[in-house]
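The values are calculated or read from the model by the stated rules, or taken from the named source; none is laboratory data. None of the values given here were measured: they were computed from a predicted structure. Every residue, glycine as well, gets a Cβ built from its backbone with ideal geometry; the counts of neighbours run over all protein chains shown. Just the protein is used for accessible areas: all its heavy atoms, side chains included, with ligands, DNA and RNA removed. Shrake-Rupley method; radii C 1.70, N 1.55, O 1.52, S 1.80 Å.
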Amino acid sequence: MRRKFIAGNWKMNKTAEEGAALARELVKALAGGGKADVAVCPPFTALAAVGAELKGSAIALGAQNMHWEKSGAFTGEVSAGMLVSAGCKYVILGHSERRGLFGETDATVNRKLAAALAAGLAPIVCVGEVLAEREAGRTLEVVAGQVRNSLANLDARDMLKVTLAYEPVWAIGTGRNATPEQAQEVHAAIRGLLAELFGKASAEAVRIQYGGSVNAANAKSILSMPDVDGALVGGASLKAADFAAIVGSS
Ligand code: PEP
């Protein structure tokens with residue numbers, strides 16, 4: 001039985017002070033514990049302040065991106081080791097905004113994945129089709145290609161440390177979520193591919209989150225699907241009550 005995993009992607013929102021305040025609210029709202037693993041991924045500049053507020057709680061800290069090299073002349077970048085030292089357990093890799101706006105490819109995601117695992121981080125690898133690909137009936141083919149290439153050269157043991165996030169690009173930040181059935185179809189296809197690549201036991205153990213306009217009202221129906229193992233939440237993770245309600249739906 002896979003334990004659900006709800007992660008909040010704060011994107012480029014919240015200063016250190018604002019992030020600390022939101023983290024304090026979340027710690028209070030989720031104090032009772034629950035059935036799901038929970039993480040929040042603030043911007044780099046808020047990691048320390050948010051991490052300090054989360055200490056002693058069940059909410060883990062994650063980052064939204066990293067570079068694959070350990071150090072060096074990479075102005076503006078941070079390494080996996082830096083994220084570990086900032087208290088991160090998780091790192092989001094290959095988010096569609098990174099792919100679409102900052103030129104990330106499956107190949108760069110794959111390099112980041114290897115570096116994250118080597119540093120002891122638990123990566124959340126994002127995949128998902130754009131609207132034109134869905135409308136052309138190419139969703140499963142596109143997502144399968146992203147999964148294969150992003151996870152290239154990974155072994156079954158390392159795969160167990162990875163979470164996948166299926167995030168249809170047309171559903172991100174648009175208020176138009178995939179239906180539970182649309183999500184389930186893609187999640188089941190991803191799990192089938194994972195079985196082919198890593199064996200049935202790994203495929204059954206790996207968690208696949210859905211992301212794309214998840215909110216307090218639609219979370220329960222999406223999270224009830226058999227291959228949906230959690231959610232990667234953008235906009236609705238910026239309000240403690242909404243995020244807590246999503247966690248409560250799992
Ligand atoms: C995301 O950024 O990963 C995301 C799913 O955003 P939203 O929930 O706002 O659609």
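Residue by residue, here is whether (1) more than 16 Å from the ligand (Cβ to nearest atom); (2) among the small types (G, A, S); (3) under 20 Å from I6 (Cα atoms) holds:
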{"position": "R98", "(1), (2), (3)": "no, no, no"}
{"position": "E104", "(1), (2), (3)": "no, no, no"}
{"position": "R111", "(1), (2), (3)": "yes, no, no"}
{"position": "L121", "(1), (2), (3)": "yes, no, yes"}
{"position": "Q146", "(1), (2), (3)": "no, no, no"}
- Which numbered condition trips up I190, out of (1) in a helix (DSSP H, G or I); (2) open to solvent by 10 Å² or more (accessible area, probe 1.4 Å); (3) under 26 Å from T105 (Cβ atoms)? (2)
- Query: Looking at E133, E204, which one is out of contact with any helix residue (DSSP H, G or I) (no Cβ under 7 Å at 6 or more places or on another chain) and open to solvent by 40 Å² or more (accessible area, probe 1.4 Å)?
  - Reply: E204
- Can we say N149 is on the phi > 0 side of the Ramachandran plot and either touching a helix residue (DSSP H, G or I) at 6+ places or on another chain (Cβ under 8 Å) or free of Cβ contacts under 8 Å to residues at least 40 places away in the same chain (or both)? no
- Message: One residue is enough: does the range 236-245 have a residue meeting the conditions under 18 Å from W10 (Cα atoms), of a type in the set (D, E, K, R) and out of contact with any Gly (no Cβ under 9 Å at 6 or more places or on another chain)?
- Response: yes
- Note down all Cβ pairs under 6 Å where the first residue falls in the range 95-123 and is aliphatic (A, V, I, L, M) and at pLDDT 95 or above, the second is crowded, with 20+ Cβ neighbours inside 10 Å and part of a helix (DSSP H, G or I), and they're at least six residues apart or on different chains. V109/S150; A115/A80; A116/A80; A119/A80; L121/A80
- Task: Give the residues of the range 136-150 that are open to solvent by less than 70 Å² (accessible area, probe 1.4 Å) and in a helix (DSSP H, G or I), sorted by residue number.
- Result: T139, V142, V143, A144, G145, Q146, V147, S150
- Query: Exactly one of (1) farther than 21 Å from K89 by Cα; (2) touching a strand residue (DSSP E or B) at 6+ places or on another chain (Cβ under 7 Å) is unmet by K220. Its number?
  - Reply: (2)
- Query: Does A178 qualify as being touching a strand residue (DSSP E or B) at 6+ places or on another chain (Cβ under 9 Å), more than 15 Å from F5 (Cβ to Cβ) and not charged (D, E, K, R)?
  - Reply: yes
- Query: Are any residues in the range 171-187 surrounded by fewer than 21 Cβ atoms within 10 Å (Cβ to Cβ) and either assigned to a loop (DSSP other than H, G, I, E, B) or within 14 Å of the ligand (Cβ to nearest atom) (or both), and if so, which ones?
  - Reply: G173, T174, G175, R176, T179
- Task: For K55, indicate whether it is more than 19 Å from the chain's Cα centre (by Cα) and at pLDDT 95 or above.
- Result: yes
- Residues located in the range 151-170, provided they are open to solvent by 20 Å² or more (accessible area, probe 1.4 Å), away from the ligand (no atom under 16 Å from the Cβ), among the hydrophobic types (A, V, I, L, M, F, W, C) and outside any loop (DSSP other than H, G, I, E, B): A156
- Message: Can you say whether V247 is part of a loop (DSSP other than H, G, I, E, B) and either away from the ligand (no atom under 14 Å from the Cβ) or under 22 Å from I92 (Cα atoms) (or both), as far as the supplied structure shows?
- Response: no
- Query: Within the group G103, G175, which residue is touching a Gly at 6+ places or on another chain (Cβ under 9 Å) and not polar (S, T, N, Q)?
  - Reply: G175
- Message: Here's a check for you: in the range 207-228, which residue that is open to solvent by less than 30 Å² (accessible area, probe 1.4 Å) and touching a His at 6+ places or on another chain (Cβ under 8 Å) is farthest from the ligand (Cβ to nearest atom)?
- Response: D227
